[in-house]
1. Which residue is nearest to Asp90 (Cα to Cα), if the candidates are limited to the range 38-52 and must be out of contact with any strand residue (DSSP E or B) (no Cβ under 8 Å at 6 or more places or on another chain) and surrounded by 13 or more Cβ atoms within 10 Å (Cβ to Cβ)?
2. Is one or more of the residues making up the range 97-116 assigned to a loop (DSSP other than H, G, I, E, B) and aromatic (Phe, Trp, Tyr)?
3. Can you pull out the residues in the range 105-129 that are modelled with pLDDT under 95 and either β-branched (Val, Ile, Thr) or closer than 20 Å to Ile52 by Cα (or both)?
4. Looking at the range 1-35 only, could you name the residues that are among the hydrophobic types (A, V, I, L, M, F, W, C) and touching a helix residue (DSSP H, G or I) at 6+ places or on another chain (Cβ under 8 Å)?
5. Name the residue that is farthest from the chain's Cα centre (by Cα), counting only residues in the range 110-143 that are under 21 Å from Val42 (Cβ atoms) and among the aliphatic types (A, V, I, L, M).
6. Within the range 98-105, is even one residue buried (at least 18 other Cβ atoms within 10 Å of the Cβ) and touching a helix residue (DSSP H, G or I) at 6+ places or on another chain (Cβ under 8 Å)?
7. Taking the range 110-143, which residues are buried (at least 17 other Cβ atoms within 10 Å of the Cβ), over 22 Å from Arg82 (Cβ atoms) and in contact with a Phe, Trp or Tyr (Cβ under 7 Å, 6 or more places away or on another chain)?
8. Run down Asp31, Asp41 and say which single residue is within 22 Å of Phe116 (Cα to Cα), assigned to a helix (DSSP H, G or I), over 15 Å from the mean Cα position of the chain (by Cα) and of a type in the set (Asp, Glu).
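The values are calculated or read from the model by the stated rules, or taken from the named source; none is laboratory data. Just so you know, these numbers come straight off a predicted model, no measurement behind them. Cβ sites come from the backbone with ideal geometry, for glycine too, and all protein chains shown count toward neighbours.
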Amino acid sequence: MQTKPRPELKAPVARFHDKLLTHEGTVPLTDLAELFGAGDDVVESVRGRGDIRFQGDVFFNDGPDLVIPAGRIELEIPSLLRGRWTVDDDGFALAFPTAEFAVRACAQIAVFRKCFDLNEIRATAGELVLDFGGSMADRRYTF
């Protein structure tokens, strides 16, 4: 797993965590995009999808399929984004049950296109982990 310092992600992670702790029921999908350190163009692309809804231990967001260029990769958001979530005082986790309902990151490597499905996002006050199933796309960001 590649580890990289990303102190600029501390604030968006803390805001997302705080919203989950208050059990508001919804969080803008743009807040999830900001956890990835997404630029304004990516945030604007997901704005039309509205809010992620949290009910019980399940979260979901539905809307049109999105393919968003983000530097060297493309992010694919399926029409139904869905998974399970947990939150406590120390952090949160969003887990995606199957690739069908998960964010996908795709990169062009030479003549091949390689895609990785996001299995889980885990965060604490000191780090954010993007778990792509133990693949080379796994990332740990510290702050």
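1. Val43
2. Checking the range 97-116: not a single residue is assigned to a loop (DSSP other than H, G, I, E, B) and aromatic (Phe, Trp, Tyr).
3. Ala105, Ile109, Val111
4. The answer is Leu9, Val13, Phe16, Val27, Leu29, Leu32, Ala33, Leu35.
5. Across the range 110-143, the extreme among qualifying residues is Ala137.
6. Scanning the range 98-105, I find no residue that is buried (at least 18 other Cβ atoms within 10 Å of the Cβ) and touching a helix residue (DSSP H, G or I) at 6+ places or on another chain (Cβ under 8 Å), so the answer is no.
7. Glu127
8. Asp41
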